[in-house]
Amino acid sequence: MKKTFLLISALILTGACATPPPASREAAPPAASPAAVAMTEADAIAKEKSIWDSIKTKDYNAFGNMLAEDSLEVTGEAVFDKAGSTAGIRDFEPSEVAFSDWKFLNIDKDAFVVTYTVKVKGKYKGKEFPEESARGSSAWVSRGGKWLAIYHQECPVKPAMPPAPTKSPAKAAASPAATPAAAATTGPDAISNEKIVWDLFRAKNYDGFAALLTPNFIEVEPDKVRDKAESVKDIKEFDASKAELSDWKTVKLDADASVVTYVSKMKGMPGDGERHSSIWVNRDGKWLGLFHQGGTPVMKPAPTAAPKVSPANAPAKKG
């Protein structure tokens, strides 16, 4: 698990000041270690906790050494590169950290993803903040014989949504039936794959959506972590017809896996949208969705203080 980019509910995100990374990093990633072996759940959890430990002890060199050079940190304010993550983390001083609800997925022998719930107390820029809870997810990759964190995202924990009201038989019969649309073929371009999924949502082609997910797919949202069956069921209550997608960024984990992150904004809904991310993997020649996290609210960057005007450079008074 990759604490490394923690940000708990917009704390660090307002402190990271490096320039966000370029929109795409689809160039071939550094070669994976030939000796890499599939990660175990226990070892994956230990690696994620080790990043949190480096922050608690303020060992920022160790923190930086655990991040891949092309790492992405998805926050409410922006998507930050390694420089942004290492700059912002210095303002965050966790004093109490508690983990629960660990889930682990092997992507392949050179990559894995973990997700968990974390409760944190501590200081931000020297000021105490109350306990915060978030759902965190991280992807790690094997590069040159070393496991490195390459992706991290968090969303606030929120109560489960109430079940949608059941339509009466009469209303259900009156509702226009969706016309299934033929799904385009997925491939190594993670952005194109994600757009295909949203087109399926708009067409209400839920069988087509299900066909593009691995059997062990998981979805992380503020209210819960869903498996494939729950995601397919719950998406039927979601109206994607007015969704606007923007701010696309990608990074390759290895030759057979990529992360894509973007902003989804719904017309008529308050706020500036949410950040979503997905991991796409090559399974027997077909690219499928393995993991998705949403629910990270887009936040405006922290305002920059206006420069102070000294008597010497103050504008002259007229008249």
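The values are calculated or read from the model by the stated rules, or taken from the named source; none is laboratory data. Note that this is a predicted model, so its numbers are computed, not measured. Neighbour counts run over all protein chains shown; Cβ positions are idealised from the backbone, glycine included.
Looking at segment 266-295, which of the residues that are more than 27 Å from Ala211 (Cβ to Cβ) and in contact with a strand residue (DSSP E or B) (Cβ under 9 Å, 6 or more places away or on another chain) is surrounded by the fewest Cβ atoms within 10 Å (Cβ to Cβ)?
Going residue by residue through segment 266-295, those that are more than 27 Å from Ala211 (Cβ to Cβ) are 267-273.
Okay, now just the ones that are also in contact with a strand residue (DSSP E or B) (Cβ under 9 Å, 6 or more places away or on another chain), so 267, 271-273.
Values: Lys267: 8, Gly271: 10, Asp272: 12, Gly273: 19.
Once the filter is applied, the top-ranked residue is Lys267.
Scanning segment 201-226 for residues that are of a type outside the set (Val, Ile, Thr), in a strand (DSSP E or B) and surrounded by 16 or more Cβ atoms within 10 Å (Cβ to Cβ) yields Leu213, Phe217, Glu219, Arg226. Restricting attention to segment 129-159, which residues are basic (Lys, Arg) and either part of a strand (DSSP E or B) or over 19 Å from the mean Cα position of the chain (by Cα) (or both)? Within segment 129-159, Arg135, Arg143, Lys146 qualify. Do the conditions hold for Ala36, that is, is it farther than 19 Å from Glu132 by Cβ and either at pLDDT below 55 or surrounded by fewer than 22 Cβ atoms within 10 Å (Cβ to Cβ) (or both)? It is true that Ala36 is farther than 19 Å from Glu132 by Cβ and either at pLDDT below 55 or surrounded by fewer than 22 Cβ atoms within 10 Å (Cβ to Cβ) (or both). Just for segment 99-135: of the residues that are in contact (Cβ under 8 Å) with a residue 24 or more places away in the chain, on the phi < 0 side of the Ramachandran plot and among the acidic types (Asp, Glu), which one is surrounded by the fewest Cβ atoms within 10 Å (Cβ to Cβ)? It comes out as Glu131.
Looking at segment 245-270 only, could you name the residues that are farther than 26 Å from Arg143 by Cα and either modelled with pLDDT of 95 or more or within 18 Å of the chain's Cα centre (by Cα) (or both)? Talk me through it step by step, then tell me what you get.
In the first step, residues of segment 245-270 are kept if they are farther than 26 Å from Arg143 by Cα; the result is 245-247, 263-270.
Leu245, Ser246, Asp247, Val263, Ser264, Lys265, listed by residue number.
Restricting attention to segment 139-160, the residues that are crowded, with 24+ Cβ neighbours inside 10 Å and touching a helix residue (DSSP H, G or I) at 6+ places or on another chain (Cβ under 6 Å) add up to 2.
In this structure, is Glu77 surrounded by 17 or more Cβ atoms within 10 Å (Cβ to Cβ), acidic (Asp, Glu) and more than 16 Å from Ala46 (Cβ to Cβ)?
Working: surrounded by 17 or more Cβ atoms within 10 Å (Cβ to Cβ): yes; acidic (Asp, Glu): yes; more than 16 Å from Ala46 (Cβ to Cβ): yes.
For Glu77, the condition - surrounded by 17 or more Cβ atoms within 10 Å (Cβ to Cβ), acidic (Asp, Glu) and more than 16 Å from Ala46 (Cβ to Cβ) - is met.
Return the residues of segment 220-252 that are basic (Lys, Arg), touching a Leu at 6+ places or on another chain (Cβ under 9 Å) and within 14 Å of Tyr206 (Cα to Cα); say none if nothing qualifies. Listed by number, the list holds a single entry, Lys228.
Filtering segment 65-98 to residues that are touching a residue at least 24 places away in the same chain (Cβ under 8 Å), hydrophobic (A, V, I, L, M, F, W, C) and either assigned by TED's automatic domain parsing to the domain that holds Val260 or not in a helix (DSSP H, G or I) (or both) leaves Met66, Leu67, Ala68, Leu72, Val74, Ala78, Val79, Phe80, Phe92, Val97. Can you work out which of the residues in segment 227-237 that are more than 20 Å from the chain's Cα centre (by Cα) and touching a residue at least 12 places away in the same chain (Cβ under 8 Å) is surrounded by the most Cβ atoms within 10 Å (Cβ to Cβ)? Taking the candidates together, the pick is Lys236. Within segment 227-274, the residues that satisfy the criterion of being among the small types (Gly, Ala, Ser) and assigned to a strand (DSSP E or B) are Ala243, Ser246, Ala257, Ser258, Ser264.
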